[in-house]
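One structure below.
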Amino acid sequence: MGKVVMYGTVSVDGFIADEKDQVGPLFEWLSSGDVPLDESGQMKVSQASHDHTRAYWDQIGVTVVGRHVFDMTDGWDGTPPSGIDHMVVVSHRPRPEGWHPEAPFHFVDGIEAAMAKAQELAGDRTVEVAAGDVGGQILAAGFVDEVAMDVAPVVFGSGKRYFGSVDTQHLLEDPDTVIQGNRVLHLRYRVRR
């Protein structure tokens with residue numbers, strides 16, 4: 001079984017979006033360099049960000065997201081982002097009727113079912129859990145092995161929190177990855193058990 005990594009791009013003060021779900025300058029780092037991050041060439045980052053991010057993306061077998069993110073992105077039009085094989089969507093509602101029936105998106109009710117499905121699909125590859133409310137619930141339930149964040153140099157002041165509504169203390173080890181890119185600091189922490 002692969003490891004479980006909670007991931008997201010975050011403001012210095014801990015937000016993944018503002019209160020209206022706008023990300024503002026959080027993702028400027030994805031256009032702040034000259035090295036293409038994927039085949040489309042639309043995202044260009046520094047060499048340091050490319051090397052770190054590509055290595056991480058290539059390990060991911062499944063990404064777990066909440067229904068809110070799925071709805072906001074229209075499920076990436078049925079194609080998981082970043083070359084990921086499968087998406088698991090935590091939702092009390094089923095797949096939208098008629099929506100890309102062949103798409104590798106799996107709708108489950110609850111975080112336990114989400115993690116079981118994600119680990120089944122990922123095998124020994126990484127299960128990525130998107131930061132936010134669902135990610136915070138999965139962390140609180142003890143499923144997360146590592147916390148990975150791309151910290152953007154912006155302060156939102158309020159908005160959608162990286163850890164969602166987590167209200168208890170969780171200890172992390174010292175960062176084992178600290179990489180500076182253009183307009184971003186890539187950090188990775190193991191969850192202390």
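Quick notes on this structure:
- Semi-axes of the equivalent ellipsoid for region 34-187, computed as √(5λ) from the eigenvalues of its C-alpha gyration tensor and ordered from largest down, come to 25, 21, 15 Å.
- Estimated from helical segments only, the mean residue ellipticity of the chain at 222 nm is -5500 deg cm²/dmol, where each DSSP H run of four or more residues counts as -39500 (n - 2.57).
- Stokes-Einstein translational diffusion, region 129-180 - Kirkwood Rh over all Cα pairs, 1.002 mPa s, 20 °C, in µm²/s: 173 µm²/s
- Distance between region 158-186 and region 91-138 - C-alpha centres, whole angstrom: 22 Å
- Per residue accessible area of the chain, 1.4 Å probe, in Å²: 50 Å²
- Rounded if a/c under 1.5, otherwise prolate or oblate - region 94-139, Cα gyration tensor axes: oblate
- Region 1-90: relative contact order as a whole-number percent, Cα under 8 Å and 6+ apart: 18 percent
- GNM flexibility winner over the chain from ALA131, ALA17, ALA55 (Cα, springs under 10 Å): ALA55
- Rel. contact order, % - alpha carbon contacts under 8 angstrom, at least six apart, the chain: 33 percent
- GNM top mover of SER49, SER165, SER11 - the chain, alpha-carbon springs below 10 Å: SER165
- Among ASP145, ASP176, ASP85, the largest mean-square fluctuation in a Gaussian network model of the chain (Cα springs under 10 Å) belongs to ASP176.
- Antiparallel bridge percentage (DSSP; both residues within the chain; nearest 5): 40 percent
- THR177-GLN22 pseudo-label distance in nm [points 7 Å out on the Cα-to-Cβ vector]: 3.1 nm
- With every protein chain in place, the chain: carbon and sulfur % of accessible area (1.4 Å): 50 percent
- Spacing of the modelled spin labels on ASP13 and ASP167, each 7 Å from Cα toward Cβ, amounts to 2.2 nm.
- Across region 24-31, coupling constants 3J(HN,Hα) worked out from phi with the 6.51/-1.76/1.60 Karplus curve, θ = phi - 60°, read x, x, 4, 9, 4, 4, 6, 9 Hz, and Gly and Pro carry x.
- Dividing the mean sequence gap of close Cα pairs (under 8 Å, 6+ apart) by how many residues region 144-193 holds gives a relative contact order of 51 percent.
The values are calculated or read from the model by the stated rules, or taken from the named source; none is laboratory data. Note that this is a predicted model, so its numbers are computed, not measured. Note that each Cβ is placed from the backbone with ideal geometry, even for glycine, and that neighbours are counted across all protein chains shown. Areas reflect the complete protein model, heavy atoms only, side chains present, ligands, DNA and RNA absent. Shrake-Rupley method; radii C 1.70, N 1.55, O 1.52, S 1.80 Å.
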